[in-house]
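Everything below concerns the one structure shown next.
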Amino acid sequence: MTNISKLLCLGICLCAVACGNPAQKTSDAEFVDSVAEALANGGQINLDQMQWTREPAACEIKGDTISITTTPHTDLWQRTYYHFRNDNAPVLQMKTREKFFSFVVRTDFTQSHQRFDQCGIVMYLDSENWLKGSVEFENEKFQHLGSVATNNGWSDWATTAISADVKTMWYRLSRREDDFCIECSTDGCKFSQMRVCHMYAATDEISFGIYACSPEESSFTAVFTDMAITECAWKAHDGQQPDEE
């Protein structure tokens, strides 16, 4: 890592919250809405506004490219099936109170090589309320494209097997109030739905961004590029009308 890259990375890390704790909500006077600012700037994200919730083994920021090197035995999971609670993956996020928007990012996980090595998109509110989408390495034949929604301390994992030859993936996270949609794409143009879910804790201000981790005895470098904010690409439902309450 060059000295300039180290300084850039340190600049973001110095803005981080204490290791292991979620980002705290800021006062109205201090709050800078990253989504509102990006939409006013043609979708371009100000990386200086992103904050770490737990720092990685190493990171490098060059232009619009962020490289994160994972630490072994880092993960996000809460209780379900495995009966353990893992909450130590490095997460780099921005804040918003905007209720309708989409966030797009391209991930490159060419270096992943050990079971469960992963990187992707995330909305981390606190240890018991978060949402992520990623590709997890399994073996030389296949890997898991999937998403996890964790509400009130219980994780829900949905996956599908894809070829181990896939080394890059685009994601799009869309918000419509406290409902969310994760989509994926191999080319950044045509996106396919992975998950639609409700997040109980996402009532107002949220934090979202990128993450990478290695749950087993492994480390790899994940590369994130082409991050952008757009108007909400997940349009309102145009079929059956809502029930009257």
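Key figures
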item: Yes/no for S185 being surrounded by fewer than 20 Cβ atoms within 10 Å (Cβ to Cβ) and more than 16 Å from the chain's Cα centre (by Cα); result: no
item: Filter result for T65 (modelled with pLDDT of 95 or more, within 24 Å of C184 (Cβ to Cβ) and surrounded by 17 or more Cβ atoms within 10 Å (Cβ to Cβ)); result: no
item: Scan of the range 223-242 for residues that are more than 11 Å from T65 (Cβ to Cβ), touching a Ser or Thr at 6+ places or on another chain (Cβ under 8 Å) and among the aliphatic types (A, V, I, L, M), ordered by number; result: I229, A233
item: Residues located in the range 34-66, provided they are over 17 Å from T221 (Cα atoms) and among the β-branched types (V, I, T); result: V35, I45, T53
item: Positions within the range 77-90 being out of contact with any Pro (no Cβ under 9 Å at 6 or more places or on another chain) and of a type outside the set (S, T, Y), in sequence order; result: Q78, R79, H83, F84, R85, D87, N88
item: Residues located in the range 150-187, provided they are under 14 Å from G120 (Cβ atoms), charged (D, E, K, R) and touching a Lys or Arg at 6+ places or on another chain (Cβ under 7 Å); result: E183
item: Selection count where residues are surrounded by fewer than 17 Cβ atoms within 10 Å (Cβ to Cβ), without any contact (Cβ under 8 Å) to a residue 60 or more places away in the chain, of a type outside the set (G, A, S) and part of a strand (DSSP E or B), scope the range 103-159; result: 2
item: Selection within the range 164-210 - in a strand (DSSP E or B) and basic (K, R); result: R172, R175, R176, R195
item: Residue identified as among the aliphatic types (A, V, I, L, M) and either on the phi > 0 side of the Ramachandran plot or crowded, with 20+ Cβ neighbours inside 10 Å (or both) among I229, I162; result: I229
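The values are calculated or read from the model by the stated rules, or taken from the named source; none is laboratory data. Because the structure is a prediction, the values reported are computed rather than measured. When we count neighbours, we look across all protein chains shown, and the Cβ atoms used for this are built from the backbone with ideal geometry, even at glycine.
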